[in-house]
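Everything on this sheet refers to the single structure shown next.
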Amino acid sequence: MPAIRFTLNGKSQTVDVVPAMPLLWVLRDTLGLTGTKFGCGMALCGACTVHVNGQPIRSCSMPVSGVAGKNVATIEGLSAQGTHPVQRAWVEEDVPQCGYCQSGQIMTAAALLAKKSVPTDADIDEALHNNICRCGAYQAIRRACHRAAQYHAEANGFSRPAQDGGAE
Amino acid sequence: MSTVVKATRRGFLKTAATAAGGLLLGVRLRGDTAPASKLNAWVHIAPDDSVTLFIHKAEMGQGTVTSLSMLLAEELECDWSKIRTEFPGIDAAYGRNQGVVGSASIRTSYEPLRRAGAAARQMLVEAAAQQWGVAASECRARNSMVTDGNGRHLGYGALAEAASKLSVPANITLKTPQQFMVIGKPHKRLDAPDKTNGRAQFGIDTRLPGMLHAVVERCPVFGGKVASFDASKAKAVPGVKQVVQISTGVAVVADNTWNAAQGRKALVIQWDEGARAAVSSASISAAFAEHMSQPGAVQRQNGDAAAALAGAAKKIEATYEVPYLAHAPMEPLNCTVDVRPDRCEVWASTQGQTAAHSEAMRITGLKPEQVLVHTLYMGGGFGRRARSDYIGEAVEISKAIGAPVQLTWMREDDMQQDWYRPASLAHFTGALDGDGWPVALTSRVASPYFGGPRTAVEGIADMAYAIPNLHVDSHDVNLGIPVSYWRSVGYSQNTFFTESFLDELASAGGKDPLEVRRRLLAKTPRMLAALELAAEKAGWGKPLPAGHGRGIGLSNNIGSFTAQVAEVSWLEGKLRVERVVCAVDCGQVVNPAGVEQQIQSGIAFGLSAALKGAITIDKGRVQQGNFHQYDVLRIDEMPFVEVHLVPSEAAPGGIGEASTPGIVAAVANAFFAATGKRVRKLPIA
């Protein structure tokens, strides 16, 4: 099998696996990056969301061959110290309960904010409709999305800081 | 941690020697069944000032990490930022029945953990007083520091060693609720940072050197067995290492989960489907219905319901039915096990550590002290993780292959091999007096029992309503679909039945649903107060736009009183839950922020059941496999929820299961208010 190369959280990565193997399992089982979660295996729940070239994708349904030569960012690479505006907002709004879906929620929300810096409730609904939270932390997730937008705006009001950790 | 050196008279607090230094205090939790010599929680104050609570609970989202730490911190007077909780591995030193079920963590820990905090604080103060040659009464503790009147101060870490040499105080004085500085104040979750950066370790995140990955193919028909199988094609799949038969099916072991799942697809298995291959949802419903004409086992009787019905001014009846429900926690079931000849270690996200320990002992034949269960974060439990089937499977596989292995259930396994919330059919009759007030109610339930009839009738037989003539009976109708605990258990369906029928009685008597409840709850002041608060905050009785309606749902479970008013809209054939007002009296609140989270959570869980959830059976098989077939509530369907706490100094109640029962009824009753149509079968949609 030819090795597959991609950029993972800012660093070059080579894996030697079955090309059809979904990125999720490469991350979790081959590379030991367990922050990205398995939830459904059919791109139905959003727990496995990562960024590929800045776009949110369901890693459970993306063959690893599909990310060859691309930039992949996982929750571990969103920021070095958990200081991405979305992560700060998530802690401040006390969002997680069991927490299992939150990597996927956060990666989806971060991609939304990168695209739309001041999302409306309708934008949040559309972006996060397919991210299931069985603990029902939805009201807190919504608050945290708005707060993250605020943090983002505040940061941009003073300066244009470098991306924290090079997620995208 | 094993050398117990001192015991108090009452035997629930002890100091122990620890290799790590500092002060280690053992605690005995309420309700534990272990011998008196065994303790099940430990508080460690280290020389570096850090405070660690080791306790045999587990975190599945309900906030135990935070609220148990608050109980300790309140009396210990420690710096909140220095405290953390660990769930230690279970071993023979600990008591039985460790686990997290029945929303009991706060209730069993409320007093013992405060006593432990107070004892440790008194010992630290005494150690400082001795060092300074002053009376302990001249010293005070605050924020992990002991000070005296002369400006001297010493940190807890510096005092811990000396404190560990003192006796555990025999007289411990606890604060009154008026003195609380921590309890009752909202605290953010201690586990939130790790749950937003990918570091939190769930069971499924366990990684061991040399660990292999397994999936299991099980008979799609409940109770079926492997007749024969051909593993040759599975073994040819890249990465597949071994194929082994276990008690529940055939396990494929590979170098990663994906390859194991690919190998499983290549298995050829002949099943002996057993006796249940003809069972269907229709046959189950028919079996329930057959029992409705026959008297069941009496579960509650007050007055003479038959006579009251016979002489009633008006009678009504209604039949309600609910389907089986899956738990569908976001973290699919999984377990990691390393079985060695003389040792077995289990890493699990489980609600039942003791059950997991027993299961591992049973399969390996090892002694209690040779089996260690590590507790990891659960990605949801909701009752499913109180069962140990998935743990036993992983132990069997590791034992068979002689290597550490992680067993993962695919989502389809999780949904099709669950222990479901039972389906249930209930028939109600009710009688009204000449003024339209309820005077009699009968209820007959047909549903599979588990562990006795209680779960089939709780929420009916223990209703708070003072209806003078009441008769509740039940039939155990079990067609072999596995059933077990599901968030709020029997209340999850029976509160819907009872609260719906009460609404029907109100309507038949020409009464307002709030008025009827007020009258029947006159002797249950805590339930009534919650109802009044919810009704007031919801604006009960105020006009609503066309197509909108409000409904009430009350529950009294897990020691708490919960009242909800739901407002729904029914526009262009689409039901939407717009707003929910929930008032809860859960006794003394430990963490209001945690209570709010759990109320929100329970409502979302109940709404999935009310609006969407149904597991159906055909040819003995579950027909749903993943979230496209078993949908759950989404962010855009979450109503705006307001939580109001009824001030209370009563003993703490539970909260994790408080709001799930009532929301289902509140929405069903609101649907009637909006449309004039009764909901007698779930899901509503």
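Any read-out appearing in this document is the output of simple, stated calculations on the displayed coordinates, not a laboratory observation. No experiment lies behind these values; they were computed from the predicted model shown. Because the Cβ atoms are built from the backbone with ideal geometry, glycine has one as well, and the counts that use them run over all protein chains shown.
Of the trypsin sites (Lys or Arg not before Pro) in region B:585-685, which ones lie in a loop per DSSP and count no more than 11 other C-beta atoms within 10 Å? Within region B:585-685, the qualifying trypsin sites (Lys or Arg not before Pro) (loop, at most 11 other Cβ atoms within 10 Å) are B:Lys677. The equivalent ellipsoid that matches the C-alpha gyration tensor of region A:4-78 spans semi-axes of 16, 13, 11 angstrom, in descending order. Looking at chain B alone, DSSP beta bridges between its own residues are antiparallel in about 75 percent of cases. Legend: calculated FRET efficiency, B:Lys677 to B:Arg340, from the Cβ-Cβ distance at R0 = 60 Å, rounded to 0.05, equals 0.45.
According to the Kirkwood relation over distinct C-alpha pairs, the hydrodynamic radius of region A:85-158 is 12.0 Å. Distance between the modelled labels on B:Ala227 and B:Lys265, one decimal in nanometres: 2.6 nm (7 Å Cα→Cβ projection).
Helix A:138-158: angle to the longest alpha-carbon principal axis of chain A, degrees 0 to 90, nearest 10? Taking the Cα atoms of chain A, the angle to A:138-158 is about 80 degrees. Take every Cα pair under 8 Å whose residues are at least 6 apart in sequence, average their separation, divide by the length of chain B, and the relative contact order is 14 percent. When B:Asp585, A:Asp94, B:Asp631 are arranged by Cβ crowding within 10 Å, least crowded first, meaning fewest neighbours, the order is B:Asp631, A:Asp94, B:Asp585. With R₀ set to 25 Å, the beta-carbon distance separating B:Ala650 from B:Ala522 gives a calculated FRET efficiency near 0.85. With each label modelled as a point 7 angstrom along the Cα→C-beta vector, the B:Val134-A:Ser61 pair spans 6.8 nm. In loop segments of region B:498-538 as defined by DSSP, the trypsin sites (Lys or Arg not before Pro) with at most 13 further C-beta atoms inside 10 Å of their C-beta are B:Lys523. Need the C-alpha centroid separation for region B:160-218 versus region A:103-119, integer Å. That distance is 30 Å. According to the Cα-based calculation, Rg over Rh for the protein assembly as shown is 0.98, with Rh computed by the Kirkwood formula.
Subtracting the Cα-Cα distance of B:Glu111 and B:Ala306 from their residue separation scaled by 0.36 nm leaves 65.6 nm.
For B:Lys235, a cut-off of 14 angstrom between C-alpha atoms picks up these aspartates and glutamates, skipping any fewer than 8 places away in its own chain: B:Asp255. Along each principal axis, taking the top coordinate minus the bottom one, the Cα set of chain B gives 82, 70, 44 Å in descending order. The fewest-to-most ranking of B:Trp570, B:Trp132 by surrounding Cβ atoms within 10 Å reads B:Trp132, B:Trp570. About its Cα centre, region B:278-334 has a charge dipole of approximately 240 debye under the convention of +1 per Lys or Arg Cβ and -1 per Asp or Glu Cβ, with nothing else charged. Other protein chain C-beta atoms within 10 Å of residue C-beta, averaged over A:118-125: 1.
Over 31 Å apart at the Cα level, from the set A:Lys37/B:Lys537; A:Lys37/B:Lys265; B:Lys57/B:Lys82; B:Lys542/B:Lys612; B:Lys314/B:Lys523; B:Lys574/B:Lys619, are A:Lys37/B:Lys537; B:Lys574/B:Lys619. A run of chain B free of exposed loop cleavage sites, with GluC sites (Glu not before Pro) counted only in DSSP states other than H, G, I, E and B and at most 13 other beta carbons within 10 Å, reaches its longest extent at B:1-571.
In percent, how large is the relative contact order of region A:58-168, given Cα pairs closer than 8 Å and 6 or more residues apart? It rounds to 42 percent for region A:58-168.
Segment A:Gln81..A:Ala20, full-extension length gain: 18.7 nm, with 0.36 nm per residue of separation and the alpha-carbon distance subtracted. Spin-label model, B:Asp636/B:Asp512: points 7 Å from Cα along the beta carbon direction are separated by 3.7 nm.
Under a model in which nothing but the beta-carbon of Lys, Arg (+1) and Asp, Glu (-1) is charged, chain B shows a dipole of about 500 debye around its Cα centre. Rounded to 0.05, the FRET efficiency of the B:Asn150 and B:Gln629 pair, given R0 = 56 Å and the Cβ-Cβ distance, is 0.20.
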